[in-house]
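Contents: one structure, followed by commentary.
Computed from the coordinates by the stated procedures, all read-outs in this text should not be read as laboratory data. What you are looking at is a predicted structure, and each value in this text was computed from that prediction instead of being measured. Cβ coordinates were reconstructed from backbone atoms using ideal geometry, including for glycine residues, and neighbour counts include every protein chain displayed.
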Amino acid sequence: MRLSFRGGIHIAGHKETGKLPIEVMPAPGIVRISLAQHSGPPLKATVAPGDKICLGQIIGMSDWKFACPVHSSVSGRVSAIEKYYDPVKAAWAEAVIIENDGLDTPDESILRAQAQKREIERLTTDEVISILKYAGVVGLGGAVFPAHIKIQNSLGKAKTLLINCAECEPYITVDHRAMLEYPEKLLGGVDIIIRAMGIERTMIAVEDNKADAAAVLAGMTEGRADIEVKLLKTKYPQGDKGMIIYALSKTKVARSMRLADLGYIIFNASTCVAIYNACAEGMPLTQRVVTVTGDCIKNPKNVLARIGTPVADLIGFCGGLVKAPEKIINGGPMMGNALWDTNYGLTKGMSALLALSGRDKKDELPACCINCGRCVQHCPMRLMPNYLARLGKAQNYDRCYEYNVNDCLECGVCSYVCPGRVEIVQYIRQAKNALYAAGKR
C-alpha cells in the first residue's frame, strides 16, 4: 500500500535526470567556498589571502555551539576572502576564494584518519559525533543542520530512524541516483547511525516514482527485521518531516514539536552517504551531487562536483545554455532561491541548479486573490494561506501569529495552485521573519 498525507498536490516531476548516472566533474581552476553553509550564523575564516591550502583543510570555523566547519575542496592558494550577498540566507556573508593547483594534496587530518583504518563497527557514539563534527557533515536535503548536533540532541530519545528518500521537489534526482549507485554507502551510513544511537527500528521511505531504487534497497536489506523499505505515494510535499511521519505512522507533528521527543530522527539518503564517507573513509564533506537541469541546459546531468564550484562552471560542464534563462535557481522550483550571480559557488545545501526559461505573458497581469479557496484546500498544514497573505501584505504580523503563520512549511503549494498568481509564500516569509526578529517563534 502506498502511504500518504492529507492535502498537497500532484505536479509534473520533470525527473528525466533520474535515468542519468552521476558524472564526476573535474575540479575547477577556482573555487568560491561560502562560510555560510549550515543553519545558524556564518563561520569565520581560519585562513588568509596568500595561505597555501590542502584538500580537506578546515578554512572556516566558529565558537557557536552548533557550528559546523567548512573545508577546502581543492589544494592550492587562497587568493581572496570576499563578501557577497547570500541569496539563501538573505544576508551578507564571506567566501574563501582558492586557486586550485591541480594536485589535490590531502590535509594531514585525512592522512591520519585513513592511516587509522577505522573499524566502523567499533566506533563509539562519542567518536561518531566527533568525526561528523570535524568532517563538516550537514543535512544535504536542504536544511543543512549539522548531523552531529542532530544525533547528540536525540540520544536516549529517538528509537526510530527515518531515511527520507522522498525527494518530492520537481527536477531533483540526486537521492534517486544515490540509492541506485551508492546503496552500500547509504546503508553503511544507516548502520553507523543505528549503532551510535541504539536505534530499534529503521524505515526507509521512498516515493513510488523511484520504485527501482526501492527495490534495490529492499533486496539489500532482505532478512533484516530492523529495517523496512516503505513506498510513499508520489505527492508534494511528501518529503517534509511532518508529512512523512504522518504518512508512515498517522502521527500529527506540529512545527513546534521536536522529533526526538516523539521518538524519531530523520536523515536523507545523501546525508547517510556523507556520514559513511566521513566515518569509514576519513573524508570531510568537500563535494556533493547536484542535479543540473532545466529547459535552458543543453545536457542535463547529475554531477558530483567540488564544494565551491562556480555555477557558471557547472553549467559549462553540462554543455552550456541553449537559450537565455529567465531564472537560475538554487534548489527546486517550489522552495529554491533565485541566483543572480553565476560566480556563486556550489554549497552543501545545493541539491539542484535549474536554468528555466520565461513565463507565460499572463503573469505580467496584476496578482489578485479571487477567493477561490484552493490554497486552503491543498495546504498540507491545514492553514489559511489566503488570510496569511493578506495580513502579511498589510504587515499585520500579530494577527499572522494568531493564525499560526509559524506552522507554515513554505512549501509553495499555495502559490502554485493560486489562479490569481498571488505570491503567498513571500508574504508569509515576510511575516515569519518579522515575528522571528520580535522573538515570536
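With labels modelled as points extended 7 Å from the Cα through the Cβ direction, what inter-label distance (nm, one decimal) is found for residue 396 paired with residue 89?
With each label point 7 Å from Cα toward Cβ, the separation is 3.5 nm.
Using the beta-carbon distance between residue 79 and residue 111 and R0 = 35 Å, what value does 1/(1 + (r/R0)^6) give for FRET efficiency, to the nearest 0.05?
Values: r = 25 Å, r/R0 = 0.72.
The calculated FRET efficiency here is 0.85.
In debye to the nearest 20, how big a dipole does the stretch 366-437 give about its Cα centre with +1 on each Lys and Arg Cβ and -1 on each Asp and Glu Cβ? Please list the in-between numbers first.
On the way: 8 positive and 5 negative charges, 33 e Å.
Result for the stretch 366-437 is approximately 160 debye, rounded to the nearest 20.
Quick check on the chain: helices-only [θ] at 222 nm, where DSSP H runs of length 4 and up contribute -39,500 (n - 2.57) each and the sum goes over total residues. Nearest 500, please.
Details: 14 runs with 128 residues, N = 441.
For the chain, the value works out to -8000 deg cm²/dmol.
About the Cα centre, and with charges only on the beta carbon of Lys, Arg (+1) and Asp, Glu (-1), how big is the dipole of the chain? Nearest 20 debye, please. It would help to have the intermediate numbers written out before the result.
Values: 53 positive and 44 negative charges, 286 e Å.
It works out to roughly 1380 debye.
List the residue ranges in the chain for DSSP H helices whose C-alpha atoms run 18 angstrom or more along the long axis and whose Kyte-Doolittle average is -1.0 or above.
Sorted by number, the helices that extend far enough and score high enough are 183-197, 424-437.
Take residue 118, project a point 7 Å from its Cα along the Cβ direction, then tell me which residues of the stretch 138-165 have their backbone nitrogen under 18 Å from it.
The answer is 138-140, 146-153.
Between residue 281 and residue 44, what FRET efficiency follows from the Cβ-Cβ distance if R0 is 41 Å, with the result rounded to 0.05? Write out the running numbers ahead of the final one.
Numbers: r = 28 Å, r/R0 = 0.68.
Working from the Cβ atoms, E equals 0.90.
Could you tell me which of the pairs 65/133; 19/298; 117/159 are separated by over 18 angstrom between their Cα atoms in the structure shown? Write out the running numbers ahead of the final one.
On the way: 65/133 11 Å; 19/298 16 Å; 117/159 29 Å.
Pairs exceeding the cut-off: 117/159.
Along the Cα→Cβ direction, 7 angstrom out, place labels at residue 24 and residue 421. What is the inter-label distance in nm?
4.6 nm
Classify the stretch 16-281: rounded, prolate or oblate, from the alpha-carbon gyration tensor (a ≥ b ≥ c, eigenvalue square roots; a/c under 1.5 rounded; otherwise prolate if a/b is larger than b/c)? Present the calculation step by step, with values, prior to reporting the outcome.
Details: a/c = 1.61, a/b = 1.58, b/c = 1.02.
Note, shape of the stretch 16-281 comes out prolate.
What does the extension gain come out to for residue 312 and residue 440, with contour length at 0.36 nm per residue minus their alpha carbon separation? Display every interim value, and only then the final one.
Details: separation 128, 0.36 × 128 = 46.08 nm, distance 3.96 nm.
Full-extension gain reported as 42.1 nm.
Any chance you could run the full-extension gain for residue 228 through residue 357? It's 0.36 nm times the residue separation minus the Cα-Cα distance, nm to one decimal.
On the way: separation 129, 0.36 × 129 = 46.44 nm, distance 4.09 nm.
Here the segment from residue 228 to residue 357 would lengthen by 42.4 nm.
Say a site is exposed when it is one of the GluC sites (Glu not before Pro), sits in a DSSP loop, and has at most 13 other Cβ atoms within 10 Å; what is then the longest site-free stretch of the chain?
On the way: sites that count: 119, 200, 222, 326.
That would be 1-118.
Pop a pseudo-label 7 angstrom from the Cα along the beta-carbon direction at both residue 201 and residue 341 and give the gap in nm to one decimal.
4.8 nm
Taking a virtual spin label 7 Å from the Cα of residue 64 along the C-beta vector, which residues in the stretch 90-111 bring their backbone nitrogen under 15 Å of it?
Inside the label zone: 90-95.
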